[in-house]
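Report on the structure given below.
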Amino acid sequence: MSDLFWLTDAQMARLAPFFSKSHGKPRVDDKRVLSGIIFINRHGLRWRDAPAAYDPHKTLYSRWKRWSEKGIFARMMAGLAAEHGEKTTVMIDATYLKAHRTATSMAGKKGGRGRLIGRTKGGMNTKLHAICDSQGRPIDLFVTAGQVSDYIGARALLSRLPNVKWLLGDRGYDADWFREALQDKGIRACIPGRKQRKTPVQYDKRRYKRRNRIEIMFGRLKDWRRVATRYDRCPKVFLSAIALAVLVIYWL
């Protein structure tokens with residue numbers, strides 16, 4: 001029992017405002033069920049392999065599926081991350097997440113957005129785009145298919161950037177339109193220029209070294225097996241797995 005994960009009462013108190021309201025019959029103990037869901041996501045287990053101490057695996061899966069589809073786990077992360085208080089520097093980057101064969105069916109529902117899985121040189125992947133504060137804590141996430149350009153993720157996250165002074169990014173974000181958009185928001189870009197540029201771009205090299213914190217963040221997220229390997233076909237459910245990992249590692 002000592003190796004099982006359990007949320008503390010203080011952590012549950014922070015999450016409680018985001019819980020779905022119970023209608024009719026009271027829900028099974030939230031603390032036990034959510035602790036079990038976190039354990040399954042961290043270790044990448046099948047739901048039927050959940051330790052008996054948490055509850056019947058069907059209860060864990062039903063709660064996970066229902067709350068994921070409602071976006072509750074994503075709202076938990078967004079709500080707690082909104083307390084970041086960052087006023088100086090944010091960082092942007094993206095990473096590939098390997099899709100397991102159980103998730104790589106490309107046949108989406110009619111009229112749907114598809115699986116957000118694409119073929120790259122490394123196989124079938126999903127790409128996670130993230131904005132982090134100066135401490136490397138994720139404050140915004142965006143998921144696309146693996147072959148999608150970093151510019152797409154940058155454009156999606158641009159309107160949600162906090163009011164800060166600096167944005168750090170690698171050469172993948174060296175685009176004139178992106179630099180101009182940041183300038184319009186009053187944010188200075190610390191982004192190296194591409195090698196193809198005829199005129200070199202000046203940037204603060206000392207400040208740029210801090211960007212390793214977002215790389216460390218991606219590494220910590222990938223310690224969670226259900227994040228490092230995508231088992232879920234539904235992109236909304238997979239985003240919930242990422243949000244849950246961010247919650248436990250950084251915001252609880």
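The values are calculated or read from the model by the stated rules, or taken from the named source; none is laboratory data. Bear in mind that the values here come from a model prediction, so they are computed numbers and not experimental data. Ideal geometry is used to build each Cβ from the backbone, glycine not excepted, and the neighbour counts take in all protein chains shown. The protein model used for the area step is the full one, side chains on, heavy atoms only, and it has no ligands, DNA or RNA in it. Shrake-Rupley method; radii C 1.70, N 1.55, O 1.52, S 1.80 Å.
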Scope the stretch 134-181; condition closer than 27 Å to residue 252 by Cβ and among the aromatic types (Phe, Trp, Tyr); matching residues:
142
Does the stretch 113-131 include one or more residues that are modelled with pLDDT of 95 or more and among the charged types (D, E, K, R)?
yes
Residues that are in contact with a strand residue (DSSP E or B) (Cβ under 8 Å, 6 or more places away or on another chain) and of a type in the set (A, V, I, L, M, F, W, C), at least 1 per element: which helices (runs of 4 or more DSSP H) completely within the stretch 14-113 meet that?
72-81
If I filter the stretch 13-33 for residues that are open to solvent by less than 70 Å² (accessible area, probe 1.4 Å) and closer than 30 Å to residue 123 by Cβ, do I get at least one hit?
no
Considering each residue of the stretch 134-157, count those that are within 23 Å of residue 118 (Cα to Cα), touching a Phe, Trp or Tyr at 6+ places or on another chain (Cβ under 9 Å) and open to solvent by 10 Å² or more (accessible area, probe 1.4 Å), and give that number.
6
Among the residues that make up the stretch 144-152, is at least one of them part of a helix (DSSP H, G or I), under 18 Å from the mean Cα position of the chain (by Cα) and of a type outside the set (Val, Ile, Thr)?
yes
If you go through 55, 3, the only one that is out of contact with any Phe, Trp or Tyr (no Cβ under 7 Å at 6 or more places or on another chain), farther than 18 Å from residue 235 by Cα, open to solvent by less than 40 Å² (accessible area, probe 1.4 Å) and among the charged types (D, E, K, R) is 55
With (1) in a loop (DSSP other than H, G, I, E, B); (2) in contact (Cβ under 8 Å) with a residue 40 or more places away in the chain; (3) open to solvent by 10 Å² or more (accessible area, probe 1.4 Å) as the list, and residue 208 as the residue in question, which single condition is left unmet?
(1)
Is it true that residue 181 is part of a helix (DSSP H, G or I), more than 20 Å from residue 89 (Cβ to Cβ) and not charged (D, E, K, R)?
no
